[in-house]
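Quick notes on the structure that follows.
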Amino acid sequence: MIQMSSTSKTKLGVLASGTGSNLEAIMKSCQKKEYPAYVGVVISDHKDAPALKKAIAHNIPGVFLNSKLFESREAYDQMLLATLKQYQVDLVILAGFMRILSPIFVQAFPKRILNIHPALLPQFRGSHAVQDVLKAGLTETGCTVHFVDEGVDTGPVILQAKVSILKNDTEETLHQRIKEKEHILYPKAIFEVIKSLK
Ligand code: GRF
């Protein structure tokens, strides 16, 4: 049972596989007195993920869970769940976590798992969104924060922000500008979800 009192701050568990720039933006927001959340644990499936180092630099526990030690996706997700429960996490924040979560996991945190995606969902789902957007020759894209359901990038949208695509954009330059928007959007979406839960 998830407990959220109106006086205490909401405890976030962040799952991140890579750079952790969104994690960093969230940790920065959490440093503000008026922000209603704090990061209680960061979990990664990559031992050397910069996200883990960033967590530790902020004195936040960083946990590496090695998927090679588990025989199935479900077994791994059970360990993820056990770790999140051990840290008594209220909300699960996916910030560049490159694994698809099994129904076992999603059902354990109904409407309590958020993800950020580098495109304007429902368009361009999946792990090559920025590349796919560029290939489509559009002039505008963006980013989306959404609740996680049992599909891939299919859950209800919470907030979106638009980003213009420039003529000479590469996947790297475009993704960088999308991330700049993500760093504002994700803390804002987390704030709104917490407000709606209280
Ligand atoms: C972001 O672009 C996010 O939309 C996607 O993965 C990327 C993570 O970047 N899901 P970072 O690790 O937060 O820098």
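Numbers at a glance
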quantity	calculated
Search result, residues across the range 184-198 that are within 15 Å of the ligand (Cβ to nearest atom) and surrounded by fewer than 18 Cβ atoms within 10 Å (Cβ to Cβ)	ILE184, LYS188
Qualifying residues in the range 16-60 (those that are near the ligand (Cβ under 9 Å from one of its atoms) and over 14 Å from the mean Cα position of the chain (by Cα)) - the one farthest from TYR76 (Cα to Cα)	PRO50
Residue that is away from the ligand (no atom under 16 Å from the Cβ) and under 16 Å from the mean Cα position of the chain (by Cα), where the choices are LEU69, LEU81	LEU81
Failed condition for ASP132, given (1) within 16 Å of the ligand (Cβ to nearest atom); (2) under 19 Å from the mean Cα position of the chain (by Cα); (3) not aliphatic (A, V, I, L, M)	(2)
Residue ID - surrounded by the fewest Cβ atoms within 10 Å (Cβ to Cβ), chosen from residues in the range 100-116 that are within 16 Å of the ligand (Cβ to nearest atom) and closer than 22 Å to LYS11 by Cα	ILE113
So ALA55, is it modelled with pLDDT of 95 or more and surrounded by 20 or more Cβ atoms within 10 Å (Cβ to Cβ)	yes
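The values are calculated or read from the model by the stated rules, or taken from the named source; none is laboratory data. Fair warning: this is a prediction, and the values are worked out from it, not measured in the lab. Cβ atoms come from the backbone with ideal geometry, glycine included; neighbour counts cover every protein chain shown.
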